[in-house]
Structures are given as C-alpha cells and as structure tokens.
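Enquirer: Structure incoming, see below.
The values are calculated or read from the model by the stated rules, or taken from the named source; none is laboratory data. Here the structure is a predicted model, which is why all the values come from computation and not from measurement. Cβ: placed from backbone, ideal geometry, glycine included. Neighbour counts: every protein chain shown. Accessible surface is based on the protein model in full, side chains and every heavy atom, while ligands, DNA and RNA are left aside. Shrake-Rupley method; radii C 1.70, N 1.55, O 1.52, S 1.80 Å.
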Amino acid sequence: MREISVEKYLKKEVKKQGGICLKFISPTLRGVPDRIVLIPEGRIFFVELKAPNRKARPHQQRVHKLFESLGVRVYVADSKEAVKEILKNEVCTAQLSEDSNR
C-alpha cells in the first residue's frame, strides 16, 4: 500500500462521517501535516499521511509538537487501520462531549 492509498481512504471515510478533508499546504512553514479534517460537532484535527511503517520526519515532528502545544490534535496515519482508529477516537470523543453538554 502506498501513501496515496491511505490518503484516499481517509478522504472517503471522513466523507462518510459527514466531514471534509482538506489538503493543507503552507508556503511559509515546512513540515505541516498533509490534511486538515473537519467532522461534525466542530471537530478539527490534522493528519500526516505516510506509507506503511514510515514515520514523520524530524521537521514534521517539530511542527506536530508546535501544533499540539497549541492544543491542536495531530495524527500520523500509515494504514487504513490507523485511519479507522483516528476517526473512531475523534467520533467517540465528539459523542462523549455532546453527551456531557446535555
């Protein structure tokens, strides 16, 4: 499986959840994650896509840490299973948050 396959799967699964998956390119900051994901209940997070068993590069890891220091979630997905886990986590967290607001 290639990185593009993981990316296509992410886009498809986000759409199933009623969300959108935007390509993220920043000319002024090298190492930003590949995708911004917006799903219902105001959930926004970033996903760095990788080929199976590949890790984020050091400059990407620095940007991920920067974003996380600002309270923004950043995930790295290198497989369909990783995408499933990310979305499960985000959807479940959104549902828990919604339930606690009732």
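Okay, residues lined up against (1) within 14 Å of the chain's Cα centre (by Cα); (2) modelled with pLDDT of 95 or more:
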| site | (1), (2) |
| --- | --- |
| Arg2 | no, no |
| Lys12 | yes, yes |
| Gln17 | yes, no |
| Ile20 | yes, yes |
| Glu41 | no, no |
| Lys50 | yes, yes |
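Enquirer: Just need a number here: residues in segment 60-83 that are open to solvent by less than 90 Å² (accessible area, probe 1.4 Å) and either outside any helix (DSSP H, G or I) or touching a Lys or Arg at 6+ places or on another chain (Cβ under 6 Å) (or both).
Expert: Going through segment 60-83 one residue at a time, the tally reaches 9.
Enquirer: Restricting to segment 33-58, what's the tally of residues that are within 15 Å of Ala77 (Cβ to Cβ), open to solvent by less than 70 Å² (accessible area, probe 1.4 Å), out of contact with any Leu (no Cβ under 6 Å at 6 or more places or on another chain) and outside any strand (DSSP E or B)?
Expert: Qualifying residue count, segment 33-58: 5.
Enquirer: Check off (1) surrounded by fewer than 16 Cβ atoms within 10 Å (Cβ to Cβ); (2) in a helix (DSSP H, G or I); (3) at pLDDT 95 or above for Cys92 and give me the number that stays unchecked.
Expert: (3)
Enquirer: Starting from segment 53-81, take each residue that is at pLDDT 95 or above and list its partners that are open to solvent by 80 Å² or more (accessible area, probe 1.4 Å) and not in a loop (DSSP other than H, G, I, E, B), counting only C-beta distances under 8 angstrom and pairs at least six apart or across chains.
Expert: Val72/Ile44; Val74/Glu68
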